[in-house]
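The values are calculated or read from the model by the stated rules, or taken from the named source; none is laboratory data. These numbers come from a predicted model, not from an experiment. Heads up, the Cβs are rebuilt from the backbone with ideal geometry, glycines too, and the neighbour counts pull from every protein chain shown.
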Amino acid sequence: MKKYLRIIQTLLLIAALCLPLVSCHGSAGKSAFEVPESFDTSRNYEITFWAKNDTNLTQKKIYEKVVADFEEAYPNIKVTIKSYTDYAAIYNDVITNIPTDTTPNVCISYPDHIATYLTGSNTVVPLDDLIVNEKYGFCGSELKYDGVGEEGVAQKFLDEGVLDGSQYLLPFMRSSEACYINRNLVEALGYEIPDVLTWDFVWEVCDAAINLGKDENGNYKLNGQKTLIPFIYKSTDNMMIQMTEQRGTGYSTEYGKILLFNDSTKEILSTVAKHVANKSFLTFAIASYPGNYLNANQCLFAIDSTAGSTWMGCHAPLQDIPEGSIREFETLVRAIPQFDTENPKMISQGPSICIFNKDDPHVVLASWLFAQALLSEEVQLAYAETEGYVPVTNSALNSDAYKEYLSLAGTDYNEHYDVKINASKIVLDNIDNTFITPVFNGSASLREAAGELIESTVRQIRKGKEADEEYYEKLYSDVISLKRLNVDGNAADAAYDLGPLPKAAKTLIFSVCFVWVLIIAYASFTFVKKKRKNKKD
């Protein structure tokens, strides 16, 4: 009997040891990070940086240079870059690696992503104490490079990285969305393009383009081609979010209560449905990249990130269509359309930096030293000039070099491509008009839901079906269920389902279960064998 009890005790011990491995991802806890008194330079460190560069070779070289310069200043710290072309891929890989504590040290992220990462105890490092640290902070006395300094990061951008009262993100670059306009086609319809676009103006022009009709050869009279999609929106997530913000009808509260599924949202969707039915509007998911249609003279209004400006216009340095398909026209850049021109609203976005916690605080400090190097004026200016981003540090924003860069718009079609610089100016001119969405555990799903409402409505109309009250009621129900949204209370307080477990986690759980089966089988076999032997004796 004692032997049998020992077997049970052994199994319980194994279960206790395995429990942390099979617990829900993000639930494993770590000790809170504390800044060491001093950085141990006698040791060697290896840290990883997960970055996004949009396949832009210039951006990749900037990252490589900052790593080389950093490693020269800190020869005991080796930085390995893993490049991504998609923020979602970074997010998914981080989620996969949290259970096994194999997250990167420094990572490009969005606030919505961080909110999910924070479901694990002390998974992400709060940066408040690091920023003001006398030795290693923005004005650190022991930094081996020129730090951010007293001017610091623009407060508007810095505040966007605050979650639950703590600074979890450092802004790296900032962007917004812009409307890229084929001036020739719009003016051919008899319209003058205003400095501030309204939704009514855009919809009216787009309908006029389609209503002009086709010629006897089946070509649209406006552009003489078989294809004409007057208005294409790249991110329908942003489209819905910004429309609800402009109308003041609500997307969610800062505490995570979901407001999206209301009558005002139905009015937005009804407007979208009307113009899809008239063939004057489509989305990226249906039509493909808006810049391709714009550059082929097949689109009047293309809304995309300011960071995508190098793809917009017939002289864009980056093109994704054959040269023979490009048509000559003048590209104008405006802020996104507004409902109230006296109170404009546009989203603030762009890459930010987070640091993941590790058991060794010196590794975290090494990660912070590298993350802060990304905010140097040299890096900020170089990266901002690659696309329609703006720097986030006051020293870079106010530098003579940056002012000169902006003043040279249109002097060439590469570094000083006018569409790119004009897109940056849209962000700079509207910093006080930008907003960010509330961030909470589940806000990433709510963002997806906002876009899905538009995408589903577009698909419904393209199938020749109606979008009536019954349709919208079902649409709301389906999207709420699909995205596992808690619409009855505060989403921030809800135990959100993070979706299907990553493959690695499933494999781990299966392996543990299989080992359990073997242990129980072996224990049972041993018990039966001994019992038979005792009978024989």
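Quick notes on this structure:
- Selected residue (only one of 285, 302, 273 is in contact with a Pro (Cβ under 8 Å, 6 or more places away or on another chain), within 22 Å of residue 202 (Cα to Cα) and either small (Gly, Ala, Ser) or in a loop (DSSP other than H, G, I, E, B) (or both)): 302
- For region 226-239, the set of residues classified as more than 24 Å from residue 182 (Cβ to Cβ) and either surrounded by fewer than 19 Cβ atoms within 10 Å (Cβ to Cβ) or touching a Phe, Trp or Tyr at 6+ places or on another chain (Cβ under 8 Å) (or both) is empty.
- Of note, residue 456 does not satisfy the criterion of being over 18 Å from residue 237 (Cα atoms) and either modelled with pLDDT of 60 or more or assigned by TED's automatic domain parsing to the domain that holds residue 91 (or both).
- Hits in region 98-121 - residues which are within 29 Å of residue 145 (Cβ to Cβ), surrounded by 15 or more Cβ atoms within 10 Å (Cβ to Cβ) and either among the polar types (S, T, N, Q) or not assigned by TED's automatic domain parsing to the domain that holds residue 360 (or both): 103, 105, 109
- Of 48, 58, all but one fail to be surrounded by 12 or more Cβ atoms within 10 Å (Cβ to Cβ), at pLDDT 95 or above and out of contact with any Asp or Glu (no Cβ under 7 Å at 6 or more places or on another chain); the exception is 48.
- Test result for residue 418, surrounded by fewer than 16 Cβ atoms within 10 Å (Cβ to Cβ) and over 21 Å from the mean Cα position of the chain (by Cα): no
- Of all residues in region 228-259, those satisfying the criterion of being among the polar types (S, T, N, Q) and either under 20 Å from residue 203 (Cβ atoms) or not in a loop (DSSP other than H, G, I, E, B) (or both) are 235, 236, 238, 242, 244, 246, 249, 252.
- Criterion: small (Gly, Ala, Ser), at pLDDT 95 or above and touching a strand residue (DSSP E or B) at 6+ places or on another chain (Cβ under 9 Å) - qualifying residue of 424, 407: 424
- A single member of 202, 186, 196, 148 is among the β-branched types (Val, Ile, Thr) and at pLDDT below 95, and it is 148.
- Enumeration of residues in region 183-205 that are in a helix (DSSP H, G or I) and touching a residue at least 24 places away in the same chain (Cβ under 8 Å): 183, 184, 185, 186, 188, 199, 201, 202, 203, 205
- Qualifying position, being more than 16 Å from the chain's Cα centre (by Cα) and free of Cβ contacts under 8 Å to residues at least 12 places away in the same chain, among 71, 46, 64: 71
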